[in-house]
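These notes are about the structure you will find just below.
The values are calculated or read from the model by the stated rules, or taken from the named source; none is laboratory data. Just so you know, these numbers come straight off a predicted model, no measurement behind them. Virtual Cβ from ideal backbone geometry, glycine too; neighbours counted across all protein chains shown. Side chains are part of the model used for accessible areas, which takes the heavy atoms of the whole protein and leaves out ligands, DNA and RNA. Shrake-Rupley method; radii C 1.70, N 1.55, O 1.52, S 1.80 Å.
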Amino acid sequence: MDSYDESTLEELAAMVCGDEPGMKRRAGWELAPFLRRAGWEDVPDHDGSPRHGWVHTILCERQEDQAGDTERVILRLADRREYQQQPADYDAVIQRLQEVLAFEGRRIDYRKGQPFLIEYDPDEPARPQRVELKVAITDIVSDPDLARAVQLRLDEAGICQEHGAYTSAVIMLGSLLEGVLVHAADVRTAAVPLTRPARDTRLQELIQHAHANQWIDQDAKMASDLLRIYRNLVHPLAEKRAKHSADFDTADLCWSTVNAVLNDLAASNPQ
């Protein structure tokens, strides 16, 4: 965990105090509880001194002793749960936070609604925003045991992505996609039936089947076909022939695909 410039710590202290227009203001007695919510241990109560100076001093001290505590403050500032009573204050904070972090080569991103830090180069073109998952797995999969297995694979794919295991993330997402499409084919009434049992049907045919029955939209179908191709990189020889290894962009594209399919399946679920 890298150290942050002192000017960045100054800005973070200002955002924690929230004295700028539009930001959530925290009184002196609210500062220590905020730091505890961020995951800090052994936080002293505010001593009555000017709030900004107190927060800045403690940020500098913690950066020397506990490098990860600075990132914990950043992630708590970006956490929407911190603004449940004043949701309008979140926009001003996150906008300023992104501006400040850009000077440190970092940026806030979100996975399943939770913030995390990524490397960021302001000179690079912005990445397309990932399609957001708007539903729960239980909205799509009625079998509780299967729903737990699907959720576990979704979580494991996220762990793989976060730690740079992009091929593993893609394989996990492809497996998840196949599982939910088999389940849909098994439990839904289909105007266009399969020619064989769902469990014996290839992923390509399952994608076409879901689209033919209007369970997923055309864009989700086209993206799913691409994910199917990437998933085949599970075979090293296929990766060699393709002369391509999965990277962050590959995995991120596959995440958008799976999220779009899950959203469509939930929207078309007759239950």
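Between helix 166-187 and the chain, what is the angle of the helix's C-alpha long axis to the longest principal axis, kept within 0 to 90° and rounded to the nearest 10?
50 degrees
Hey, got the dipole for the chain? About the Cα centre, +1 on K and R Cβ, -1 on D and E Cβ, debye to the nearest 20? Can you show the working numbers first?
Working: 31 positive and 47 negative charges, 301 e Å.
Rounded to the nearest 20 debye, it is 1440 debye.
Before I look further, what does the chain give for accessible area per residue, probe 1.4 Å, in whole square angstrom? Mind showing how you got there, number by number?
Working: 14890 Å² over 271 residues.
That works out to 55 Å² for each residue.
Please report the net charge: other residues with Cβ closer than 14 Å to the Cβ of Ile216, K and R +1, D and E -1.
Numbers: positive: Arg188, Lys221, Arg228; negative: Glu178, Glu205, Asp217, Asp219, Asp225, Asp264.
Within the 14 Å Cβ shell, the charges total -3.
Take the alpha-carbon positions of region 46-123, form their convex hull, and give its projected area averaged over all directions (one quarter of the hull surface) in nm². Numbers along the way, then the final one.
Working: hull surface 25.8 nm².
In nm², the orientation-averaged hull projection of region 46-123 is 6.5.
Just need the relative contact order of the chain here, percent rounded to a whole number, with Cα pairs under 8 Å and 6+ apart. Write down the numbers at each step before the final one.
Numbers: 296 pairs, mean separation 43.0, N = 271.
Value for the chain: 16 percent.
Find out how many positive minus negative residues lie around Asp264, taking Lys and Arg as positive, Asp and Glu as negative, among other residues whose Cβ is under 15 Å from that of Asp264.
Working: positive: Lys134, Arg188, Lys221; negative: Glu132, Asp139, Asp217, Asp219, Asp225.
Spelling it out: positives minus negatives among the neighbours equals -2.
Quick check: convex hull of the Cα atoms in the chain, volume per residue, rounded to a whole Å³?
Details: hull volume 44.1 nm³, N = 271.
Per residue, the Cα convex hull of the chain comes to 163 Å³.
Report Rg/Rh for region 10-165, rounded to two decimals, where Rg is the Cα radius of gyration and Rh the Kirkwood radius. Present the calculation step by step, with values, prior to reporting the outcome.
Working: Rg = 18.1 Å, Rh = 17.6 Å.
Using Cα coordinates only, the ratio equals 1.03.
Which value in Å is the Kirkwood Rh of region 137-268 over different Cα pairs? Kindly include the intermediate steps, with their values, before the conclusion.
Working: mean 1/r = 0.0672 Å⁻¹.
It works out to 14.9 Å.
How much of the accessible area of the chain, in percent, comes from carbon and sulfur atoms when a 1.4 Å probe is used?
Numbers: 7280 of 14890 Å².
Carbon and sulfur atoms account for 49 percent of the accessible area of the chain.
Over region 6-119, what is the relative contact order in percent, taking alpha-carbon pairs closer than 8 angstrom and at least six residues apart?
On the way: 120 pairs, mean separation 29.0, N = 114.
Contact order relative to length: 25 percent.
Set the Förster distance to 30 Å, then compute FRET efficiency between Arg36 and Ser3 from the Cβ-Cβ distance, nearest 0.05.
Details: r = 23 Å, r/R0 = 0.75.
Efficiency computed from Cβ-Cβ geometry: 0.85.
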